[in-house]
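Engineer: Before we start, here is the structure in question, set down as structure tokens.
Any read-out appearing in this document is the output of simple, stated calculations on the displayed coordinates, not a laboratory observation. Because the structure is a prediction, the values reported are computed rather than measured. All Cβ positions, glycine included, derive from the backbone under ideal geometry; neighbour counts span all protein chains shown.
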Amino acid sequence: MSSFDRLATVTASTKRDGGITNGLEVGYAAKIATLSCSPLDPIDAEIAQRVDGLSFGESLQTFVQGDPDIKEGDLFVVNTVEYPVRAVAEWNWKGTDYLMIYLEVVK
């Protein structure tokens, strides 16, 4: 078991907007059914300033291993709470690929 496996204690899923088909809005549909991620943590104030449109205290971050198909605009779902994905960044640490995912807290 890797150190990330011990850290990835949260189970999440994602949804993606289906857009418009035949003139009808499809809405969000399941994209990734099960995904292990790190706990959702507040974004550091310095990072929040670098990511356009994020404000400290209203945004969260999480990490997932690998390169799953997660994009800005998706919904990241944890315990039935849907968080809009504001930004996704690739990160490589000690030869392993991760995604840093920045989430918006909708009030």
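Engineer: About the Cα centre of the chain, how large is the charge dipole given +1 on each Lys and Arg Cβ and -1 on each Asp and Glu Cβ? Please answer in debye to the nearest 20.
Structural biologist: Here the size comes out at about 200 debye.
Engineer: Further question on the same structure: Under 10 Å, Cα contacts only: if you run a Gaussian network model on the chain, which one of Pro84, Pro42, Pro68 comes out with the highest mean-square fluctuation?
Structural biologist: Looking only at Pro84, Pro42, Pro68, the largest GNM fluctuation is found for Pro68.
Engineer: Per 0.36 nm of contour for each residue apart, how much would the distance between Val10 and Lys71 grow if the chain were fully extended, relative to their Cα-Cα spacing?
Structural biologist: 20.0 nm
Engineer: Find how much the distance from Ala30 to Ser3 grows on full extension, using 0.36 nm per residue of separation minus their present alpha carbon separation; answer in nm with one decimal.
Structural biologist: 6.9 nm
Engineer: So, one more: Under 12 Å between alpha carbons, and skipping anything fewer than 8 positions from Lys31 in its own chain: which aspartates and glutamates qualify?
Structural biologist: Correct list for Lys31: Asp17, Asp69, Asp74.
Engineer: Also: Relative contact order for the chain using alpha-carbon pairs under 8 Å, separation at least 6, rounded to a whole percent?
Structural biologist: Relative CO of the chain lands at 24 percent.
Engineer: Can I ask one more? Report the one residue of Ser13, Tyr83, Tyr98 whose Cα lies farthest in the direction of the positive end of the charge dipole of the chain (charges on C-beta: Lys and Arg +1, Asp and Glu -1; origin at the Cα centre).
Structural biologist: Ser13
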